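Undergrad: Below is a structure I'd like to ask you about.
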Amino acid sequence: MLDRVRRRALGLSGRLIASYILVTLGIVVLVEALVLGYEAPQLVNDAQLQAQVVATAQSYGQQLAQRYPGGVPAGTLLGESGFFHVDHGGKAAMAPPNPYGSTLTVPAITGPIYGHRAVTAVVAVGTDGTIVASSAPSRYRPGRAAASELPLEAIAAGHDVGKLGGGGSTPYGSVLWSVWPVGSGNMPRASGPGLIAYVYVQAPYSTGFMNPIRVWYELGNQPGTGALRSGAYALLFAILPVGVLFGLLASRRLVRRVRRLERATLAVADGDYTVTLPVSGRDEVGRLEANFTTMTRQLGSALAAERQRATGDARAAERARIAREIHDAISQHLFGLRMIAAGMRRADPGNQQARAIERISDEALRDMQALLIELRPATLNGGGLAAALQEICAAYRDRLGVTVDASVDDVTVPAPVEHALLRIAQEACTNAVRHGNARWLAVSMNRQDGHVELAVRDSGTGFDPAAPHAGSGLAHIRDRVTELGGTVDIDSAPGQGAALTVRVPVP
């Protein structure tokens, strides 16, 4: 059973730990998304734009090499209007994008460029190191030395097929650039007018916010970003032990309290209603502990009352059985004995023994009837105390021929008080008839000044209340009244009858 409790508690702990991990992971993912959204766009934009610049340089290089194998004619304008010569025109289609990404749209700028700003441009550099053609001749004028117009790193890269591009700041702003050598690998290139050594392409760039999912995707598709993603994965996996530790620390006390509560519920399920739980806090679990203790106490009280009622029912059933046996057997024998004695007396009026037998038989029958009334006591049965007292009076009147004057008010009192007053009235009437040979009884009950007063008077032989042999019945009456916080007054003397008055406080 304890193993089952532990497994259930561990299940709760596991769920709490999992929730802490998920919450922490969500927070980390949100923070990383914000960081990637605001910090990584520059890297992603650079990577995307760099790929397009490289593809554009490759496309222009291949197209120029195919169209002008003998050299690019002077006056050729490069740009989105195609490659054309001022002498014969003719528009050349762009080469399709290569596997590295789509190409850029490079506008042909024939007029001057106003402002000190970077522009998207393509420049063809000849084998002699001068500019042969460009898309912006007003800025990159043919005939000038490329070293004076282009970044030195790009000039050096033009002769190194292992490096295709880069980026940085220029006098006109930040650009990403790429060069594509025109020739066959590392073979020496021919020299001459208009022959191209490499193509240079540049594009301005700026930073800005991007969708974090797109940033993450692009980072994974670009070289040099594996370390960034590896670091992010390491951070995510580091959350697992942190979440587990935080979950254990945060849920340890809660799980311990739940375990204790479950053990208590299992004890109650096994029949132990004496279990109590200390209140360990003011939260929901603490209130549950307090309510659980209250529930077990109420269940215990209810079961004790039910057991007592069952015991009382069993006792009443046994008394009824004994009363039936007495009535069917002994009472019939006594009645027959009295009839025989009466016949003998009538046959021989002077027969004193017959008279004695008849008198003793009458007394025995009377005592037997009183005993039967005691064995079959009146019950409340939902009718109230007044009705039960009237039933007692009717029993003594009808079965024993006792004159009973009853003045009973219908009062409402708590159940314990009802039960106690009923038993006191039964005890008083029984004592008066069986021991005092009373032929007259007066029973009254009323409510006044926050008390219920029950009085039983008789015309019996009376007794001395202070005598030690006054009887155990009076002791029981005093004990019942004391438990209810009331008082008992007994007025009696030998030969003068008795009067019993009980006063019990009621709300």
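Undergrad: Give the number of residues within segment 390-433 that are closer than 22 Å to Gln496 by Cβ and surrounded by 18 or more Cβ atoms within 10 Å (Cβ to Cβ).
TA: 13
Undergrad: Right, here's the next one. Looking at segment 120-135 only, could you name the residues that are over 21 Å from Ala55 (Cα atoms), among the β-branched types (Val, Ile, Thr) and either open to solvent by less than 10 Å² (accessible area, probe 1.4 Å) or in a loop (DSSP other than H, G, I, E, B) (or both)?
TA: Taking segment 120-135 and keeping what is over 21 Å from Ala55 (Cα atoms), we get 127-130.
Checking the rest, the ones that are also among the β-branched types (Val, Ile, Thr) come to 127, 130.
Within segment 120-135, just Thr127 meets the criteria.
Undergrad: Further question on the same structure: Condition check: closer than 14 Å to Pro204 by Cα and either in a loop (DSSP other than H, G, I, E, B) or at pLDDT below 80 (or both). Does Thr105 satisfy that?
TA: Yes, satisfied.
Undergrad: Do we have Arg309 as assigned to a helix (DSSP H, G or I), open to solvent by 80 Å² or more (accessible area, probe 1.4 Å), out of contact with any Leu (no Cβ under 8 Å at 6 or more places or on another chain) and under 26 Å from Arg256 (Cα atoms) here?
TA: no
Undergrad: Also, I was wondering about something else. Can you name the number of the only condition in (1) touching a strand residue (DSSP E or B) at 6+ places or on another chain (Cβ under 7 Å); (2) free of Cβ contacts under 8 Å to residues at least 12 places away in the same chain; (3) under 20 Å from Glu363 (Cβ atoms) that Arg478 fails?
TA: Condition not satisfied by Arg478: (3).
Undergrad: Okay, moving on. What about Val456, is it in a strand (DSSP E or B) and either on the phi < 0 side of the Ramachandran plot or not hydroxyl-bearing (Ser, Thr, Tyr) (or both)? Outline the logic, then answer.
TA: Working: in a strand (DSSP E or B): yes; either on the phi < 0 side of the Ramachandran plot or not hydroxyl-bearing (Ser, Thr, Tyr) (or both): yes.
Yes.
Undergrad: Out of the residues in segment 455-489 that are within 15 Å of Leu441 (Cα to Cα) and not hydroxyl-bearing (Ser, Thr, Tyr), which is most open to solvent (accessible area, probe 1.4 Å)?
TA: Looking at residues that are within 15 Å of Leu441 (Cα to Cα) and not hydroxyl-bearing (Ser, Thr, Tyr), I get Arg457.
The values are calculated or read from the model by the stated rules, or taken from the named source; none is laboratory data. Quantities reported herein were computed from a predicted structural model and do not represent experimental measurements. Here the Cβ is made from the backbone with ideal geometry for all residues, glycine too, and neighbour counts use every protein chain on show. Areas reflect the complete protein model, heavy atoms only, side chains present, ligands, DNA and RNA absent. Shrake-Rupley method; radii C 1.70, N 1.55, O 1.52, S 1.80 Å.
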